[in-house]
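The values are calculated or read from the model by the stated rules, or taken from the named source; none is laboratory data. On a predicted model such as this, the values are computed, not experimentally measured, just so you know. So basically every Cβ, Gly included, is an ideal-geometry build from the backbone, and we count neighbours across all protein chains shown. Quick note on the areas: whole protein, heavy atoms, side chains included, nothing else; ligands and nucleic acids left out. Shrake-Rupley method; radii C 1.70, N 1.55, O 1.52, S 1.80 Å.
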Amino acid sequence: MQILIHLSFAILALSMVLCFARLVIGPGLPDRVVALELLSMIIVGIIGVHALQSDETSFLDVAIVVALMSFLATVGFARFLERGGRRDD
């Protein structure tokens, strides 16, 4: 089981690095918003794997809160872009 947990951490870390690269390089603001949303979901995954590793269920509550806050931030960014906010196109 520990091998799978370490493998999951490694895959999540690699995906976080690639997502961060998209966040920095991204050609436009909408691409960066999507990368930021993906980055927050990767963080939720890391918290979930850590909850499995430590057998501490309270981390799942933290993951739910992070996911909800990320969703609200994404909705806010989408409304900002929809109303003609700054674009880097």
**Q.** Rounded accessible area per residue of the chain, 1.4 Å, Å²
**A.** 70 Å²
(Q) Given points 7 Å out from each Cα along the Cα-Cβ axis, report the residue 83 to residue 13 separation in nanometres with one decimal. (A) 4.1 nm
Q: Return the carbon/sulfur percentage of the accessible area of the chain, one whole number, probe 1.4 Å, all protein chains in place.
A: 74 percent
(Q) With an 8 Å Cα cut-off and a minimum separation of 6 or more residues, compute the relative contact order for the chain in percent. (A) 31 percent
Q) Can you work out D for the stretch 1-40 in µm² s⁻¹ from Stokes-Einstein, where Rh is the Kirkwood radius over C-alpha pairs, the temperature is 20 °C and the viscosity is 1.002 mPa s? A) 199 µm²/s
